[in-house]
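Q: Quick one: this structure, given as structure tokens, is what I'll be asking you about.
Laboratory data are not the source of any read-out in this text; all were calculated from the coordinates shown. These figures come from a predicted structure and were not determined experimentally. Cβ placement follows ideal geometry from the backbone for every residue including glycine, while neighbour counts extend to all protein chains displayed.
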Amino acid sequence: MYVTEIFINGLIQGSLYALIAIGFTMIYGILRLINFAHGDVIMIGAFINIGLLKMSVPWPIAIACVLVLGAFIGFVIDKVAFYPMRDAPQVTGFIASLALSLLIQNLGILLFTAQPKNFSLPDFFRENIIVGGVKVTFLSIIIIFSSIILLALLLLFVHKTKMGVAMRATAENMRVARLMGIKVNTVIMVAFMIGSALAAYAGMLWGGRYGQVDPLMGFLPGLKAFVAAVIGGVGSIAGAAIGGYLLGFSEILFVGLLPGRMSGYRDAFVFGLLILILLFMPNGILGKSEEQRA
Amino acid sequence: MSQLILDVAHVDVSIGKTHILKNISFSVHKGEVVALIGANGAGKTTTLETIMSYNKVQKGSITYQKDESDTKIDITHIPTEKVVSHGISLCPEGRQVFASLSVAENIRIGSYLRRNRSEVEEDLEYVHHLFPILHERQHQKAGSLSGGEQMMLAVARALMSRPTLLLLDEPSLGLAPLFVERIFSMLEQIHKDGTSILLVEQNAAKALDIADRAYVLEIGRIAMSGSGTQLKNNSEVQKAYLGVV
């Protein structure tokens, strides 16, 4: 029973990291840009959902709205912050993303104050279902399955659609992708939209799981998801998912297995493990070395 | 002479502070194979990339006319994907296939801009007929192919946009002599099937063999031009590019 519980919690935590890590990895894969503002989309997604539920929008529609608005935010972020500096050196984009992150966070504080807000999903999300002798909330089931469905859809998209293949081609060689007639700016825009939609959705789930949200809530999950993307092999979508689940599982496992007084050092143990992985696989689990890419 | 497809007129290109192309003029007519030969750093690749709108043209113009019934268009300052959509395709230096994509995906992506599916299927059959090995290896990752096979794949990919004018940048580079022979006979076949070709080569002997006309590029200027045979028999060309003492 205890094992099942750990397994389910690991799945939940991993799903959230995986959803967020996808956005990092897609953007890095194409632009070699570490987009620090990505974590803040989590927060935006959570606050959008609060607004929607206040307007008593039914929850399936609210989920759809969060995905669509999340995509729209990705579109705006690309157009406002990154598109104008497409030809600038990578470090410029990185600094822009830091600035954007601060801007979004402070705008959030200005609008909603820094006080954590209650995030209450409709009651039946909290109802328990018994799985393998363990009580699991309906929300947990939703987190686990919707994440798997979204990840599967995304993999189908990048392997089976024209735009998806164009995206992989652009990630591998942007110059040659243009020779195929691919509008790389459109591809980049789509990558931002997909990544942000998933992050906003993860934000909504995150809020639901922890019950409260605040304007700075995106920072830590964003950072950890970035680490998950690196572990999985940055640039690889399947890698980001694997990294996310690995990170989620190891967090839960360390809390579950360490003696109580050590569990405060959870992150130290988790990151120690990740450093070990990177020592043996410097490009991450599914990553390719830059030489191989060329 | 037949209809003019590509007309490069007095083009100047600088990249950064380096003035690379200086008052370059040349043309390609329908049904021709035109070769640009020259040493390393003469500006051959830059010329092709300028046609594809990779580089900003400071002076001069590049015009293109797909067919006699089509209007002439100025392609000097239009984006790369527009150049491709008008019917010019570049097979880049060093092949540059998408290594992480399958062979089939690489071929398909060449037809990215095309809407007419039955035409795309026709062309797919055509490139499979030209390069049967690619059909056999369609599920393999392109990165796992040999250099020669990757070259074939790069040509096949470039053909999938059904170009009127195919630009090739050093197709023989780094290939075993046997493959060089095969690639050049493929090019002759492609040319026979109706595609005009602008070929950049360091292997001047091979290039002049198949070229109707050729231009010699020297440090960013057109130094000489003439028919393939004329240049082949020119003593300066022989000394500088054909290794005849």
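Q: Which residues does a label at residue A:174 reach in the range A:198-236, if reach means a backbone N under 17 Å from a point 7 Å past the Cα toward the Cβ?
A: Within reach of a label on residue A:174, which here means backbone N under 17 Å from a point 7 Å along Cα→Cβ, the range A:198-236 contributes A:235-236.
Q: A further question on this structure: Roughly how far apart, in whole Å, are the Cα centres of the range A:210-266 and the range B:39-98?
A: Here the two parts' Cα centres lie 48 Å apart.
Q: Kirkwood hydrodynamic radius, computed over distinct alpha-carbon pairs, for the range A:9-92: how many Å, to one decimal?
A: Evaluated over the range A:9-92, this radius sits at 14.4 Å.
Q: While we're on this one: How would A:59, A:206 line up from fewest to most surrounding beta-carbon atoms within 10 angstrom?
A: A:59, A:206
Q: Under 5 Å between amide H atoms, partner at least 5 residues away or on a different chain: which partners does residue A:218 have, H built in plane at 1.01 Å?
A: For residue A:218, whose amide H was placed from the backbone, the distant partners under 5 Å are A:43.
Q: So, in nm, how far is label residue A:273 from label residue B:233 when the simple model puts each one 7 Å beyond its Cα toward the Cβ?
A: According to this spin-label approximation, the distance is 7.9 nm.
Q: Moving on. I'd like the antiparallel share, as a percent to the nearest 5, of DSSP beta bridges with both residues in the protein assembly as shown.
A: Taking every DSSP beta bridge within the protein assembly as shown, about 60 percent pair in antiparallel fashion.
Q: I'd like the Karplus ³J(HN,Hα) series for the range B:151-161: coefficients 6.51, -1.76, 1.60, θ = phi - 60°, whole numbers in Hz, and an x wherever there's a Gly or Pro.
A: Working through the residues one at a time gives 4, 4, 4, 5, 5, 4, 4, 5, 6, 5, 8 Hz.
Q: Under a point spin-label approximation (7 Å from Cα along Cα-to-Cβ), what is the residue B:122-residue A:76 distance to one decimal in nm?
A: 4.8 nm
Q: Follow-up. What are the extents of the Cα atoms of the range B:106-245 along their three principal axes, in Å, largest first?
A: 49, 29, 26
Q: Assuming R0 = 35 Å, what is the FRET efficiency of residue A:163 and residue A:223, from their Cβ-Cβ distance, to the nearest 0.05?
A: Given R0 = 35 Å and the Cβ-Cβ separation, E is 0.75.
Q: Please compute, for peptide A:161-167, the average count of beta-carbon atoms on other protein chains lying within 10 Å of each residue's beta-carbon.
A: What the average comes to for A:161-167 is 2.
Q: How many times 2.2 N^0.38 Å is the alpha carbon radius of gyration of chain A?
A: Ratio of Rg to 2.2 N^0.38 Å for chain A: 0.99.
Q: Given C-alpha coordinates of the protein assembly as shown, what is the ratio Rg to Rh with the Kirkwood estimate of Rh?
A: For the protein assembly as shown, the value is 1.08.
Q: Now a separate question. Between residue B:223 and residue B:56, what length comes free when the chain is fully extended (0.36 nm per residue of separation minus the Cα-Cα distance, one decimal in nm)?
A: The residue B:223-residue B:56 span can extend by a further 57.8 nm.
Q: Given A:274, A:254, A:205, which one lies farthest toward the positive end of the charge dipole of the range A:190-294, if we put +1 on the Cβ of every Lys and Arg and -1 on the Cβ of every Asp and Glu?
A: The one lying farthest along the dipole's positive direction is A:254.
Q: As an exercise, use a Förster radius of 35 Å and the Cβ-Cβ distance of residue B:2 and residue B:141 to find the FRET efficiency, rounded to the nearest 0.05.
A: So the FRET efficiency works out to roughly 0.25.
Q: Moving on to the next point. At a Förster radius of 60 Å, what calculated FRET efficiency corresponds to the Cβ-Cβ distance of residue B:202 and residue A:102, to the nearest 0.05?
A: Working from the Cβ atoms, E equals 0.70.
Q: Just checking the output field for B:103-111: average partner chain Cβ neighbours within 10 Å of each residue's Cβ?
A: 3
Q: Do me a favour and compute the ellipsoid semi-axes for chain B from its Cα gyration tensor, root of five times each eigenvalue, largest one first, whole Å.
A: They are 28, 22, 17 Å, listed from largest to smallest.
Q: Remind me, relative contact order of chain B in percent, using alpha carbon pairs under 8 angstrom and six or more residues apart?
A: 26 percent
Q: Same structure again: Using just the alpha carbons, could you tell me how many Å³ per residue the convex hull of the range A:18-170 encloses?
A: Per residue, the Cα convex hull of the range A:18-170 comes to 141 Å³.
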